[in-house]
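Student: Quick one: structure below, then a few questions.
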Amino acid sequence: MRWCLLLLLTALPARAEGERPGRFDYYVLALSWSPTWCALEGRAEGSPQCDRALGWVLHGLWPQNRRGWPSYCPSPHPAPDRRQTAAMADIMGTSGLAWHQWRKHGSCTGLPATEYFALSRRAFESLAKPAALDRLAAPVTLPATLVEEAFLQANPGLAPDMLTITCRAGRIQEARLCLSKDLEPVPCGLDVVKDCQLRDALLDPARPAETPRP
């Protein structure tokens, strides 16, 4: 029984809180498909993000270890002000998400908020987003592997072990890319690889269909 418990504990992801900032192995760049988040949470919350025609938005740039990840670190730098978080809303959807990402993840980078947000923007802009997905005119169902293949085709320097596509509630949820501290693509650790295996995942269009005029 003791061995079974030990095996279970070693198989679980190791998440730490309050670790010393700057101690991590690589970054995970997480992009959310905005229509999925809006369908499952955002519209119910009345988020202004869901009033905009957005496709892939920046969820966050997360410090990651080969096993486990730090969070809510005691940063020596001051928290970002409203101007700094508002400046990230164009790629993150809302300033509130920018604030949360700094508090949970940015604090663990060892960087000031201005540098963390600038690095996050650089990482987001460095990844080409498949244009075909942004041009969808209606909801579609498709294998999640097709979304991964679209990213790989749009970014020739990527290998399959550097990117993972996640699903939630039968929908395409996120694309997660693993990056070095210099923002070079690197293979992901086992904690990050969560490839969605759905063959009929729902993907809503980034631009809602227009209501016909009477």
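So that you can scan it fast, the table gives a plain yes or no per residue for (1) touching a His at 6+ places or on another chain (Cβ under 8 Å); (2) open to solvent by 50 Å² or more (accessible area, probe 1.4 Å); (3) farther than 27 Å from H77 by Cα; (4) not in a helix (DSSP H, G or I):
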position: L119; (1), (2), (3), (4): no, no, no, no
position: E149; (1), (2), (3), (4): no, yes, yes, no
position: D161; (1), (2), (3), (4): no, yes, yes, no
position: L177; (1), (2), (3), (4): no, no, no, yes
position: K181; (1), (2), (3), (4): no, yes, no, yes
position: V192; (1), (2), (3), (4): no, no, yes, yes
position: D195; (1), (2), (3), (4): no, yes, yes, yes
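Student: For region 164-175, give me each residue that is out of contact with any Asp or Glu (no Cβ under 6 Å at 6 or more places or on another chain) and either surrounded by 14 or more Cβ atoms within 10 Å (Cβ to Cβ) or among the aromatic types (F, W, Y) (or both).
Tutor: Looking only at region 164-175, we keep the residues that are out of contact with any Asp or Glu (no Cβ under 6 Å at 6 or more places or on another chain), and these are 167-175.
Those that are out of contact with any Asp or Glu (no Cβ under 6 Å at 6 or more places or on another chain) and either surrounded by 14 or more Cβ atoms within 10 Å (Cβ to Cβ) or among the aromatic types (F, W, Y) (or both): C167, R168, R171, I172, Q173, E174, A175.
Student: Let me confirm something: among L97, L111, L40, which residue is exposed (fewer than 15 other Cβ atoms within 10 Å of the Cβ), out of contact with any His (no Cβ under 6 Å at 6 or more places or on another chain) and under 27 Å from M162 (Cβ atoms)?
Tutor: Exactly one of L97, L111, L40 is exposed (fewer than 15 other Cβ atoms within 10 Å of the Cβ), out of contact with any His (no Cβ under 6 Å at 6 or more places or on another chain) and under 27 Å from M162 (Cβ atoms), namely L40.
Student: When R135 is evaluated against the numbered criteria (1) in contact (Cβ under 8 Å) with a residue 12 or more places away in the chain; (2) under 19 Å from W37 (Cα atoms), which criterion, by number, is the only one it fails?
Tutor: (1)
Student: Within region 50-92, count every residue that is out of contact with any Phe, Trp or Tyr (no Cβ under 8 Å at 6 or more places or on another chain), assigned to a loop (DSSP other than H, G, I, E, B) and buried (at least 22 other Cβ atoms within 10 Å of the Cβ).
Tutor: Counting residues in region 50-92 that are out of contact with any Phe, Trp or Tyr (no Cβ under 8 Å at 6 or more places or on another chain), assigned to a loop (DSSP other than H, G, I, E, B) and buried (at least 22 other Cβ atoms within 10 Å of the Cβ) gives 1.
Student: In region 1-38, how many are modelled with pLDDT of 95 or more and part of a loop (DSSP other than H, G, I, E, B)?
Tutor: 2
The values are calculated or read from the model by the stated rules, or taken from the named source; none is laboratory data. As the structure is a prediction and not an experimental result, all values here were calculated from the model. In this analysis, Cβ positions are derived from the backbone assuming ideal geometry, glycine residues included, and neighbour counts consider all displayed protein chains. Heads up: the accessible areas ignore ligands, DNA and RNA and are worked out on the full protein's heavy atoms, side chains in. Shrake-Rupley method; radii C 1.70, N 1.55, O 1.52, S 1.80 Å.
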